[in-house]
Amino acid sequence: MAAEQQFPQRTSVPFVRVENLYKSYARRRWLSGERSVVPALDGVSLTICAATTLALVGESGSGKSTLARCLIRLDEPDSGRIWFHGKDLLSLNAEELRAFRQEVQLIFQDPASALNPRLSAEEIVAEPLVVQRRGHRRERRKKAFELMEQVGLARQWAGRSPAEFSGGQRQRLAIARALALEPKLLILDEALSALDLAIQAQVVNLLLELQALRGLAYLFITHDLSLVGHLADEVAVMQHGRIVERATPPELLHQPQHPHSRALVAAMSALTASAAGPAVL
């Protein structure tokens, strides 16, 4: 395998910068047919620094996934600005947008829905290289083997279909596929929420190792505050399309400032206590 590339240390220079982003959707009532506008993002501003992790937490419907879709321009915001490596993403033409999307990859909660069941593991990992016409078949195959091994999947499993892998292994396969184009930013949209606690811990450790090795930045979207202390450098709390608090994980978990943040921390504490069960006397 080629010698490991050396990446710069974590820095405070913004890698991704979002300013005053707004996004709304038109909704039509089923019975009356009346149309209304539903705000999804209401003036969101944030930054993500190179080789760091920003966790985006909040309840379902708070705007987390909408923000992710706007960041990769699957959805177009109504107004605001997005910069990536100093480039204004909202001004990119089709060719520039195609190049940008190679640098940002999105990993979803359910890897099975994102993995083609007709392809083998090797073909799944190499598929982005085929789409982008990178390398010859032998080179793509070698790259797929290397990426599988890097995420903890043996190359002997390269011929298996996604159905032959466990949930945690499928998520590792999705991560390997996301790394094929050597992105700079991974957006993980509830990517660990379907896994049990032991598998979650393994995947978190893998993500930390990959971040250190490749200098990756992560936007980690979750409703589970218990994960952010292990993975995040900073946490942004969303409510009703707005970021209501930004803090380090220790600050948020021990001294939340906003009422919504306090409610999330209290709910996490109650859930943890409930999972532990009643005390044995």
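One residue alone among R81, R73 is more than 24 Å from H260 (Cα to Cα), in contact (Cβ under 8 Å) with a residue 24 or more places away in the chain and part of a loop (DSSP other than H, G, I, E, B), and that residue is R73. Note on segment 115-133: among residues that are closer than 22 Å to I187 by Cβ and surrounded by 18 or more Cβ atoms within 10 Å (Cβ to Cβ), the one that is modelled with the lowest pLDDT is L115. Just one of the listed residues (A55, A51) is among the hydrophobic types (A, V, I, L, M, F, W, C) and in a loop (DSSP other than H, G, I, E, B), namely A51. Considering only residues in segment 152-165 that are assigned to a loop (DSSP other than H, G, I, E, B) and in contact (Cβ under 8 Å) with a residue 12 or more places away in the chain, the one that is farthest from K142 (Cα to Cα) turns out to be F165.
Considering only residues in segment 84-110 that are assigned to a loop (DSSP other than H, G, I, E, B) and of a type in the set (A, V, I, L, M, F, W, C), the one that is nearest to the chain's Cα centre (by Cα) turns out to be F108. Restricting attention to segment 144-180 and to residues that are charged (D, E, K, R) and buried (at least 18 other Cβ atoms within 10 Å of the Cβ), the residue that is nearest to F220 (Cα to Cα) turns out to be R172.
The values are calculated or read from the model by the stated rules, or taken from the named source; none is laboratory data. Just so it is clear, the structure is predicted and the values come from calculations on it, not from any experiment. Because the Cβ atoms are built from the backbone with ideal geometry, glycine has one as well, and the counts that use them run over all protein chains shown.
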